[in-house]
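The values are calculated or read from the model by the stated rules, or taken from the named source; none is laboratory data. If you're wondering where the values come from, they're calculated on a predicted model, not measured in any experiment. The protein model used for the area step is the full one, side chains on, heavy atoms only, and it has no ligands, DNA or RNA in it. Shrake-Rupley method; radii C 1.70, N 1.55, O 1.52, S 1.80 Å.
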Amino acid sequence: TGSGTEEEDKDNGAGKTAEDNSPLTKDSRTVFVSQLVMRAEERDIRRYFRRNAGKINEVILLRDRRTGRHKGCAYVEMARLGDVPRAVELSGEAPDFQRFPILVKASEAEKNYLATGGNPPQAAAAAAAAAAAAAAPGVVLRN
């Protein structure tokens, strides 16, 4: 405890619900963070959100392909769906690793999937499950 390792972010399984850590809720558990200073690193963001919003599964800094420098934006995947509102409340706050406020908003991945004509992962998973059930005689899908 207090060592700042990724082990601290792993949940012990207590108090989990069906939506926690499900691939089907990954987009819903992810927030978009912008206005990050160039010296910010994944570990700074992970530590800040862990202390102020809850357990973190992953931090992805968006990087320029050519230079490898990050663009001042990141996706933060929360471990629990219930921690997303706490993370969004951090918008407008200045984290301990920079002087000015960050912006935090819920990920709009589902909207982006629809805008590009694709299916959100939830819809694709449901369609795959329905197709598998249709192929298996005697199996009944219940919602």
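With every protein chain kept in place and ligands, DNA and RNA left out, what is the accessible area per residue of segment 23-110? Probe 1.4 Å, answer in Å². The partial results should precede the final answer.
Numbers: 4810 Å² over 88 residues.
Roughly 55 Å² per residue, with all protein chains present.
Could you tell me what percent of the accessible area of segment 23-110 is made up of carbon and sulfur, with a 1.4 Å probe and every protein chain present? Spell out each step's value before the answer.
Values: 2330 of 4810 Å².
Result for segment 23-110: 48 percent of the exposed heavy-atom area is carbon or sulfur.
Rg(Cα) of segment 14-99 divided by 2.2 N^0.38 Å?
Numbers: Rg = 13.2 Å, N = 86, 2.2 N^0.38 = 12.0 Å.
Rounded to two decimals, the normalised Rg is 1.10.
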